[in-house]
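Here, each number is a calculation from the coordinates, and none is a lab measurement. This structure is a prediction, so every number in the text was calculated from the model and none was measured. With ideal geometry, Cβ positions are generated from the backbone for all residues, glycine too; neighbour counts draw on all protein chains shown.
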Amino acid sequence: MVQTRLTNNKKKGSRAEELAKEQRAISVSEFFLKNRHLLGFDNPRKALLTTIKEAVDNSLDACEDMRVLPEIDIKISQASEERFKVMIEDNGPGIVKEQIPKIFAKLLYGSKFHKLKCSRGQQGIGISAAALYAQLTTGKPTRIMSKTGQNSKAHYYELHLNTKTNDPEIIKEEVREWEKDHGTKIEMEMEGRYHKGKLSVLEFLQLTAISNPHATIKFKGPDDEIKEFIRGTEELPVDAKEIKPHPYGVELGILISMLKDTRQKTLQSFLQSEFSRVSAKVAKEICQKAGIFERARPSRIARNEADNLFSSIKATKIMAPPTNCLSPIGEEQMLKGMKKEVDAEFYASITRRPNVYRGNPFQIEVAIAYGGTLPGDSLVKVIRYANRVPLQHQAGACSITKSVIQTAWRNYGLSQSRGALPAGPALIMVHMDSVWVPFTSESKEAIASYPEIVKEVKMALQECGRKLATHIRQVVRKREQLKKAGLFNAYIKELASSLAELSGDEKGPIQDDLNHYLTQKLPLVNGEKNGKN
Ligand SMILES: Nc1ncnc2c1ncn2[C@@H]1O[C@H](COP(=O)(O)OP(=O)(O)O)[C@@H](O)[C@H]1O
Ligand SMILES: [Mg+2]
């Protein structure tokens, strides 16, 4: 008996030791190597799109931050059958010299992760992941040129990322002249595949032009095709403010680490200064409910006390978070974006009031284009956006698509089969604007189905749907009447002759009377609305 236990113990011990030899830290870059699909680099087509997307998102964020109208130039040229050179240049604030290597050659390095502010980027893993992908597939370094002001010189870098240490390696570093006042230019060479149409770079740029009507984007493709998306407004998006987290949105683990890290000396001041909407009264109430002295040192709060604190936060009534952190596109600007990029006969848009999910403020906007050149015999195209960034992949997994399907479109003049998207000559745009968009994965392609979000999207769709319904009712009726009037018109001459024969009267006045009836009694022929029917 004793003997067996000893043997087992020995066995266990030695196996653990064997395992210990294999156990080591995994660098984020090694993780990326194996899981590149998580960040949108699953295949050569998508890799090219993701690279352009990450760079354009950063340029738009940077220009917005500087309050300058974005001018973005993109060039894709073919280096060999499967290799492409990409260049993205912007007129943003540029990047200070010391930061350039880390931004482009260190994963998880950025300025937006710790901020609760509406921005396109979040994780600080976008552009460095593209640079790493380029390096892995072609071995070529990423080339950066950046200038921060009229009176400074540009800094040029060629960079590699050390995949073991996740640190930048500087291949070349130079001071250069650049005619631009300020901005950033990125060049990479990578394995890719260029295509047009669905899920292409051009589709991304056009969708971006709709949600960013203030941006001018110029593109030159590998086949020398040139496409320019010229801005439709000089108005910059609202300058969104950064906010502190709302207590309702904080998770227990985060609360514990915030308690450890805070510089505040008392629990009450910690609650008041690290969160939004916590007044002295609310802070005291939370402490009281948790049974913790309000002057307690945050770093001394024990684990079970943190548990109590967490539940008492949930049990306390706290004002909703401020919404000046949001930057909706706006009804008017959405129409401008749609009108310049989509050729339709009718446009409507709606911006809902801000709402909150898990303590995070968000806002939903919907725009619909109808008729014109939009194809009438297929399912409606739904274009999804999060913080103005088009979401092109994983439509089925996205709460926006689900909400569109769950809306009863027959009420609004479109046909719809059960459990499907509506059909008809329409395009539906849905935008979610939030300080933290709950994506279903790191590649930021689909929005998670929080009930608050689904509800708001549906409300916005219904509200915009009602505008569409009014238009369809009027247009369809008008067209039908015009058709009837047209038929009648064709027979007027014949009818006048027959009536003249029957009555023995002159044909001319009868025909005049009939024409008068057609144009005056059926006012729609004159373009007026027939209010009676
Ligand atoms: N074109 C640019 N102009 C100015 N700053 C930039 C530009 N591109 C990237 N940056 C800076 O580099 C950081 C890292 O970018 P990125 O890896 O895409 O992560 P994220 O956008 O999620 O923060 C950004 O947070 C921003 O501060
Ligand atoms: Mg980014």
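Below is a table of values for the structure above.
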read-out: Ranked L19, L514, L199, criterion: other C-beta atoms within 10 Å, fewest first; value: L19, L199, L514
read-out: Rounded to whole Hz, the Karplus (6.51, -1.76, 1.60) HN-Hα couplings of the stretch 156-171, x for glycine and proline; value: 10, 9, 10, 10, 10, 10, 6, 6, 6, 9, 6, 10, x, 10, 8, 8
read-out: Summed residue charge, Cβ within 12 Å of K317's Cβ, Lys/Arg positive, Asp/Glu negative; value: +3
read-out: Sequence-distant residues sharing a close amide H with D167 (under 5 Å, placed H); value: N162
read-out: DSSP loop chymotrypsin sites (Phe, Trp or Tyr not before Pro) with at most 14 other Cβ within 10 Å: longest gap in the chain; value: 294-533
read-out: Exposure proxy order (Cβ contacts within 10 Å, fewest to most) of R352, R418, R466; value: R418, R466, R352
read-out: Whichever aspartates and glutamates have a C-alpha closer than 13 Å to that of K172, once near sequence neighbours (fewer than 8 apart) are set aside; value: E158
read-out: Cβ-based exposure ranking for R295, R83, in which fewest neighbours within 10 Å come first; value: R295, R83
read-out: Entries of K196/K339; K314/K455; K284/K455 with Cα pairs more than 28 Å apart; value: K284/K455
read-out: Under Karplus coefficients 6.51, -1.76 and 1.60, residue-wise ³J(HN,Hα) of the stretch 34-47 in Hz, glycine/proline x; value: 7, 10, 4, 4, 4, 9, x, 10, 4, 8, x, 5, 5, 4
read-out: Estimated vicinal HN-Hα couplings, Hz - the stretch 330-342 in sequence order (Karplus 6.51, -1.76, 1.60; Gly, Pro = x); value: x, 4, 5, 5, 4, 5, 4, x, 5, 4, 7, 10, 10
read-out: Selected from F346, S503, N387, residue furthest toward positive end of dipole (the chain; charges at beta carbon); value: N387
read-out: Amide proton proximity set for I383, modelled H, under 5 Å, gap of 5+; value: I428, M429, V430
read-out: Listed pairs K220/K340; K227/K336; K53/K381; K46/K180; K106/K140 exceeding 24 Å between Cα atoms; value: K46/K180
read-out: Under 12 Å from the Cα of K317 - aspartates and glutamates, other chains or at least 8 residues apart; value: E285
read-out: Full-stretch length increase - R263, R466 - with 0.36 nm per residue and alpha-carbon distance subtracted; value: 67.9 nm
